[in-house]
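Chemist: For reference, the structure I am asking about is given below.
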Amino acid sequence: MMDWTDRHCRYFMRLLSPSVRLYTEMVTAQALHHGDSAKLLQYDDCEHPVALQIGGSDPGLMAEAARKGADEGYDEININVGCPSDRVQSGQFGACLMASPGLVADCVRAMKAVTDVPVTIKTRIGIDDFDDYEFLQRFIDTNIDAGCDTFVVHARKALLQGLSPKENRNVPPLNYDRVYRVKEDYPNLTIILNGGVVSVDDCRRHLEQVDGVMIGRQVYHRPWFLTELEEAFGTGQVPSTRFEVIGKMLPYVEYELASGAFLKHITRHMLGLYAGQPGARAWRRYLSENAHRFDAGIDVLEKALEKLPRAA
Ligand SMILES: Cc1cc2nc3c(=O)[nH]c(=O)nc-3n(C[C@H](O)[C@H](O)[C@H](O)COP(=O)(O)O)c2cc1C
C-alpha cells in the first residue's frame, strides 16, 4: 500500500507474524528504470516471503522491473491492475488496464520471459460500466493464456471518474460472490480475495471458497491482528506481548537512525500497536507529538513505553 507498506512497516509486521506474505508499496516500472532502483527495492532479509508490486504497462519496462525485482530476491512480482488514481491512469497503469487485457498479457509474457519468480496480478472485479462477470472472465482468460496463474481480486469495481482513491476503496459495494465464482470456474488458478476483511472469522469464511485472503487496512490500523492470523492459520509462533515486539524493534530503530533514517518514518507504522488496549491513546499521542522532531532518537520510543501499563 502506497506510503504505508514501506520497508520499515514490513520489518515491524514481520515481527508480529513470521509467515504472512508481505507486499511492497507499488513501485512504478518507470521509477525502477529512471530512478535509484537499489534504494527503491531495498528490504530486509527477514521480510521473506515478500512480493514486489509493480505498476506499469510497457512490456519492456515491466520486464526490466521484474528482472530487477527477481535479482534482488523478491518471492513474487505482482502487477497492479487495481489502483484507480488519476495519476496512475494518466500513466496508463492500474485499474484502467482492466480494459486492455491484451496489454497486461503482453507485460506478463515479457516478465515471465526474464524470470522464474511467479508473476501475479492484482485486479478489481470490474471498472466503470464494465462490471459484469464476463468482463472479468475475459481479463482472466487473456492473462491465463500469457501464463499467469495467480490473481488477487479486490472484490469491488473501481470507478475511474468522480471518485477519489479513498472513495474507491469504500463506495463501490463488495461482491465476494464474484470472486468465489472465479475460483469455482477456474479451480486450477490460485485466487486470493481482497477487500473489507477484518477478522479471523471473515478469513475462515472466505477460505472455504478461495485459496487465500489479502488484508490491507485492518492490519495496518490494528497490527496485532497479524498475531491472531498467525495463530489461526500460520505457525502459531507469535510474540506474547506488544512490549516484546517493541523490544525487538529497538535495535532496528537504532541501526536505522544511525544510518540516517528519521524516527517518525518508523514509528508512524507502530501507532496502532496498542489499538483497543489500555494506554493506546497515550502511546499514540506521545509518539505523534514527539517522534517528528528532527533529532528525535530512541529515547522517544522508550518514553512512549513509560506511558503504558507495565509490560503490556
Ligand atoms: C493508503 C493505501 C494505499 C494503497 N496502495 C495500494 C497499492 O500501492 N497497490 C495496491 O494494489 N493496492 C493499494 N491499496 C489498496 C489495498 O491494497 C486494498 O486493495 C484495499 O485497501 C482493500 O483491502 P482492505 O479492505 O483489506 O484494506 C492501498 C490502500 C490504502 C488504504
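Each value in this text was obtained by applying a stated rule to the coordinates, not by laboratory testing. All of these numbers come straight from a predicted model, not from anything done at the bench. Virtual Cβ from ideal backbone geometry, glycine too; neighbours counted across all protein chains shown.
Chemist: Once you sort the root eigenvalues of the Cα gyration tensor of region 1-59 as a ≥ b ≥ c, which label holds: rounded (a/c under 1.5), prolate (a/b larger than b/c) or oblate (the other case)? Write out the running numbers ahead of the final one.
Modeler: Details: a/c = 2.39, a/b = 2.02, b/c = 1.19.
Cα axes put region 1-59 in the prolate bin.
Chemist: Each residue of region 48-54 in order: what ³J(HN,Hα) in whole Hz does its phi give by Karplus 6.51 cos²θ - 1.76 cosθ + 1.60, θ = phi - 60°, with x for Gly and Pro?
Modeler: Along region 48-54, the couplings run 4, x, 9, 9, 9, 9, 10 Hz.
Chemist: Net charge near Ile191, counting Lys/Arg +1 and Asp/Glu -1 over other residues with Cβ under 9 Å of its Cβ?
Modeler: Working: positive: Lys183; negative: Asp211.
In short, 0.
Chemist: Additional query: What percent of all Cα-Cα pairs in region 199-305 falls into each 10 Å bin, going from 0 up to the bin containing the maximum distance?
Modeler: 13, 40, 29, 14, 3, 0
Chemist: How many nm separate the modelled label positions at Tyr186 and Thr241, each set 7 Å beyond the Cα in the direction of the Cβ?
Modeler: 4.8
Chemist: Output wanted: per-residue J couplings in Hz (rounded whole) for region 152-166, from phi through Karplus 6.51 cos²θ - 1.76 cosθ + 1.60, θ = phi - 60°, x for Gly and Pro.
Modeler: Values per residue, Gly and Pro as x: 9, 10, 6, 7, 9, 7, 10, 9, 7, 10, x, 10, 6, x, 5 Hz.
Chemist: Now for a separate question. In a Gaussian network model over the chain where Cα atoms closer than 10 Å are linked, find which of Tyr43, Tyr74, Tyr133 has the largest mean-square fluctuation.
Modeler: Of the options given, Tyr133 has the highest mean-square fluctuation.
Chemist: How high is the relative contact order of the chain, given as a whole-number percent (alpha carbon pairs under 8 Å, six or more residues apart)?
Modeler: Numbers: 535 pairs, mean separation 44.2, N = 312.
About 14 percent, as a whole number.
Chemist: Continuing with this model, one more query. When N is the residue count of the chain, what does its C-alpha Rg come to as a fraction of 2.2 N^0.38 Å? List each step's numbers first, then the result.
Modeler: Values: Rg = 19.9 Å, N = 312, 2.2 N^0.38 = 19.5 Å.
For the chain, the normalised Cα radius of gyration is 1.02.
Chemist: In deg cm²/dmol, rounded to 500, what helix-only [θ] at 222 nm does the chain give when every DSSP H run of at least 4 residues adds -39500 (n - 2.57) and the total is split over its residues? Numbers along the way, then the final one.
Modeler: Working: 15 runs with 140 residues, N = 312.
The per-residue figure over the chain is -13000 deg cm²/dmol.
Chemist: Among His206, Leu52, Tyr220, whose Cα lies farthest out toward the positive end of the dipole of the chain, if unit charges sit on the beta carbon of Lys, Arg (+1) and Asp, Glu (-1)?
Modeler: Value: Tyr220.
Chemist: Kirkwood hydrodynamic radius (Cα pairs, Å) of region 1-104? Each step should come with its number before you reach the end.
Modeler: Values: mean 1/r = 0.0715 Å⁻¹.
Its Kirkwood hydrodynamic radius stands at 14.0 Å.
Chemist: What is the percent of Cα-Cα separations in region 242-306 that go past 14 Å?
Modeler: Numbers: 1073 of 2080 pairs.
Result: 52 percent of Cα pairs exceed 14 Å.
Chemist: On to the next question. Quick check: the distance between the Cα centres of region 136-175 and region 196-227, to the nearest angstrom?
Modeler: One Cα centre to the other: 18 Å.
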